[in-house]
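Down below is the structure, laid out as structure tokens.
Quick note: the coordinates plus some simple rules give every number you see, no bench work behind them. Worth saying up front: this structure is predicted, and the values here are computed from it rather than measured. Positions of Cβ are backbone-derived with ideal geometry, glycine not excepted, and every protein chain shown enters the neighbour counts.
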Amino acid sequence: MTTLAESLRLALGLVLGADAALLQIVGLSLRVSLSACLVGGLLGLAAGAALAVLRFPGHALLVWLVNTLLALPSVVVGLLVYLLLSRSGPLGGWGLLFTPQAMVLAQSLLVLPLVAALARRLVLDALREGGDQLRALGAGPLLTGLLLLVHARLGVLTLVLTAFGRAIAEVGAVMVVGGNMAGYTRVMTTAIALETSKGDLPLALALGLVLLGLVGLLHGLVAALPGARRWRLDGAVG
């Protein structure tokens, strides 16, 4: 109990004192996850809108695949990106393995199916409410889907915040493709794993407190948004 209390005291000191190493790790985590949400979010929104309004051969299979990928372990995503970016991989010449860019790519692929599934459900619900009016005005399927996403701004914000929470809290993918190098590719989750294994509990606990605070803030924002319960992950599948 004394060790826990002392570790907590030191961890709070690191957080309140704005420790330089702590800030560097937190800053990189935010940059990587925000970039991944921008890339994966835009692609996911477009894919979700398309799946909601278009019908084509293999549509049901693609919807099933997107829903299945919601449960894809992050380490598997990391492995796939590693194989793509390794020297023997098709993108090995880019030299991106063990860089922050590789971590952004891995997290983008991780959040893409989440955003696509939620955006598809969002557009399907919006179609039942206002789709006929847009079609009567001459809007095509894709334009209808995109306009409905713009109209459902709160729902889009909710799913983007959900995707960011998924990205910043994951550890497997960024560990595999980033290498967990100090000052370069070490983010909060990988640093917590490393510092715990080294026995540096104060820094690990400090990072855990910051991460918990960020995730708690995100969930608070999601819960505070009007109609947020309609766009939870369990409503995406179907």
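The figures follow:
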item	result
At R0 = 25 Å, FRET efficiency that the Cβ-Cβ distance of Leu43 and Ala193 yields, to 0.05	0.30
Inter-label distance for Arg153 and Leu12, nm, one decimal - labels placed 7 Å from Cα along Cα-to-Cβ	4.1
Volume in Å³ per residue [convex hull over Cα atoms, computed for the stretch 1-74]	140
Near-label residues of the stretch 161-188 by backbone N, under 14 Å of a point 7 Å along Cα→Cβ of Leu79	172-173, 176-177
Distance from the stretch 104-125 to the stretch 150-211 (C-alpha centre basis), Å	19
Within a Gaussian network of the chain (alpha carbon springs, distance under 10 Å), most fluctuating of Val177, Val53, Val81	Val53
Helix 153-168 vs. the chain, principal-axis angle (Cα, 0 to 90°, nearest 10)	30
Label-point separation, Arg128 to Leu23 (7 Å along Cα→Cβ), nm	5.0
